[in-house]
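K.L.:
To start, I am sharing the structure in question, which I have written as structure tokens.
None of the figures in this text is laboratory data; all of them are computed from the coordinates on show. Treat the numbers as computed from the prediction; the structure is a model and nothing was measured. As a convention, Cβ positions derive from the backbone with ideal geometry for all residues, glycine included, and neighbour counts pool all protein chains shown.
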Amino acid sequence: MFISCCFGLWYSFKIYDGLNHTILIKTKMINLSNENLIGPPKLTRFERARIVGARALQVSLGAPILAPLPEAVIDPIDIAIIELREKVLPMTIRRTLPDGNYQDIPLVDLLQTRILH
């Protein structure tokens, strides 16, 4: 196994030499530092829509609600938006580059870097 570290990236290569074949397993990861190396420092509108949709599906299937809600709120989409606004969702965003590199970023980190107008 060969591991190379540089600038917060690590690569793992494993080569198995069998009878007449060679298997190459390659793993790439960029999640060694706390800074966002891929994409904007805030949650994009597409990521927000995906998170709200996924959480609304979970709530509609009976997942426990993580934030205190007003009694009038019963729509799963509204519940998901309130939970996102309250920053209580334990989700991670995976941002991927075309070459296969990716970075896992906790949702809380993307919600903290909010641009104030």
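K.L.:
When you go through (1) closer than 21 Å to Ile38 by Cα; (2) surrounded by 12 or more Cβ atoms within 10 Å (Cβ to Cβ) one by one for Arg94, which number turns out not to apply?
P.N.:
(2)
K.L.:
Being over 19 Å from the mean Cα position of the chain (by Cα) and under 30 Å from Ile38 (Cβ atoms): is that true of Ala80 here?
P.N.:
No.
K.L.:
Which members of the range 62-95 meet the condition of being without any contact (Cβ under 8 Å) to a residue 24 or more places away in the chain, under 15 Å from Pro41 (Cα atoms) and not charged (D, E, K, R)?
P.N.:
Once the filter is applied, which keeps residues that are without any contact (Cβ under 8 Å) to a residue 24 or more places away in the chain, under 15 Å from Pro41 (Cα atoms) and not charged (D, E, K, R), the range 62-95 yields only Thr92.
K.L.:
Separate question: Being assigned to a helix (DSSP H, G or I) and surrounded by 15 or more Cβ atoms within 10 Å (Cβ to Cβ) is the filter here, so list the residues in the range 99-117 that pass it.
P.N.:
Matches in the range 99-117: Leu107, Asp109, Leu110, Leu111.
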